[in-house]
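Working notes, beginning with the structure itself.
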Amino acid sequence: MNTDETGIRLHFESRGTGPGLLLIHGFGGSIASWRHLMPALGLMRHTVAVDLLGHGDSPKPETAEYTAAHQATLVLNLCDHLTMDRFVICGHSYGGTVALHLAWDILCGDHTKACAGAPSPEKERLQGLIIVSGAAYPQDLPWHLKGMRSPYSVRLNEVVSPEAQMRLVLMNLFHNPLNITRQIISDYAWPMRSPGYHKALHETVKNIVPEDPERLVERYREIKTPALLIWGEKDTVVPPDIGEKLHLDLVNSTFHVIPDCGHMPMHEKPVELLNLIIDWLENLPEE
C-alpha cells in the first residue's frame with residue numbers, strides 16, 4: 001500500500017521487474033479486472049495493478065475527494081513509493097480518465113518531484129499511454145451510473161444482493177452475456193459488501209463528468225507520448241467513436257477495434273487485448 005499526505009493508502013499488486021506498467025481499472029472494478037493479463041505482462045515489465053480510492057481493497061473514506069484528478073494524484077504518489085521512474089500507464093474506462101489526468105500531470109511536471117525553475121525530469125517518467133475503452137469526453141451516462149447518482153442507491157444492498165446487481169450491470173457491459181462467468185460476477189460483487197463502498201461510488205459518479213471539455217481537448221493535443229487506443233467494436237457504454245475522436249486528438253496514437261467485443265475486452269477478448277498490448281510494448285521506443 002501507499003500513503004499520501006492525507007494518510008490514504010491505495011491497495012496494489014505487482015509482478016515482474018524492469019520498466020514499469022501501471023494498470024488502472026474502471027468504475028466499480030478492481031485489481032481483479034486485470035487477472036487474465038497480469039501473468040503475461042509481468043514477464044515483460046514491472047506490472048502494477050492498483051485499486052482506486054473507493055474501490056477493491058483500497059480505503060473508502062466518507063470525506064475524501066472522489067475526482068479523477070485526485071485519483072491521479074494518489075496513483076502518482078504510489079508510483080513514487082514504488083520508485084517507478086519510467087513507466088507506461090494503461091487505463092480502462094473510468095481508469096482511462098484517470099490515466100489521461102495522470103499523463104497530463106506528469107508531462108506538465110505538476111507534481112512535488114518537479115524541479116522548480118528548470119525543465120522537469122518528471123516529464124521523462126511517462127514512456128507510453130494505453131487507453132482501453134476510455135471515458136475521455138463528456139457523454140451520456142449509462143443507466144447504472146445514472147442510478148448511482150441517487151442518494152437512495154447506497155441502500156440498494158438492503159433489498160438486492162450484490163451478485164444480482166452486478167449480473168445486471170455486466171449484461172450491459174458485455175457484448176456476449178455467455179462470457180459472464182460466476183467468477184467474474186464474484187470478482188466485481190464482493191467489494192460491494194465493504195463498508196463505505198456505495199457512498200464512495202456515489203461520490204465518484206457525482207464528479208465523473210469532466211468540466212470544461214474545450215480545455216480537456218487542448219490538453220489531449222499537447223500529449224505527444226506514444227499512445228495505444230483499444231476499443232470493443234460493440235461497446236455501447238463508451239462507443240468506438242469516442243476512441244476515434246481521442247485518436248484524432250492524441251497526435252502520436254494508434255487505434256484498434258476488437259471485433260465482437262463490448263466494454264470489457266479484458267474479459268471478453270483477453271487474448272486479443274493482450275496481443276495488441278504486447279506487440280505495441282515490444283515496439284515502443286526506449287527513449
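Within region 64-102, count every residue that is assigned to a loop (DSSP other than H, G, I, E, B), among the aliphatic types (A, V, I, L, M) and under 14 Å from Val48 (Cα atoms).
So the count comes out to 2.
Can you name every residue in region 257-275 that is more than 17 Å from Ile24 (Cβ to Cβ) and crowded, with 18+ Cβ neighbours inside 10 Å?
Residues satisfying the conditions are Ile258, Cys261, Gly262, Glu268, Lys269.
Going through His247, His256 one at a time, which residue ends up being over 26 Å from Gln165 (Cβ atoms), in contact with a strand residue (DSSP E or B) (Cβ under 6 Å, 6 or more places away or on another chain), not in a helix (DSSP H, G or I) and not hydrophobic (A, V, I, L, M, F, W, C)? Quick ask: steps written out before the conclusion?
Working: His247 fails: not in a helix (DSSP H, G or I).
Of the residues listed, the single one that is over 26 Å from Gln165 (Cβ atoms), in contact with a strand residue (DSSP E or B) (Cβ under 6 Å, 6 or more places away or on another chain), not in a helix (DSSP H, G or I) and not hydrophobic (A, V, I, L, M, F, W, C) is His256.
Only residues in region 253-277 that are without any contact (Cβ under 8 Å) to a residue 12 or more places away in the chain count as the first member; pair them with residues that are not in a strand (DSSP E or B), Cβ under 9 angstrom, at least 6 apart or cross-chain, and list the lot.
Sorted first by the residue in region 253-277, then by its partner, the pairs are Val271/His36.
Return the only residue of His36, His101, His55 being under 16 Å from Met266 (Cβ atoms), crowded, with 21+ Cβ neighbours inside 10 Å and of a type outside the set (A, V, I, L, M, F, W, C).
Numbers: His36 fails: crowded, with 21+ Cβ neighbours inside 10 Å; His101 fails: under 16 Å from Met266 (Cβ atoms).
Among His36, His101, His55, only His55 is under 16 Å from Met266 (Cβ atoms), crowded, with 21+ Cβ neighbours inside 10 Å and of a type outside the set (A, V, I, L, M, F, W, C).
Quick test of your reading of the structure: Val48 fulfils all but one of (1) in a strand (DSSP E or B); (2) over 22 Å from Tyr188 (Cα atoms). Name the failing condition by number.
Checking Val48 against (1) in a strand (DSSP E or B); (2) over 22 Å from Tyr188 (Cα atoms), the one that fails is (2).
Every read-out reported here was derived from the displayed coordinates using simple, explicitly stated rules and does not represent laboratory data. Since this is a predicted model, take the numbers as computed values, not measurements. So basically every Cβ, Gly included, is an ideal-geometry build from the backbone, and we count neighbours across all protein chains shown.
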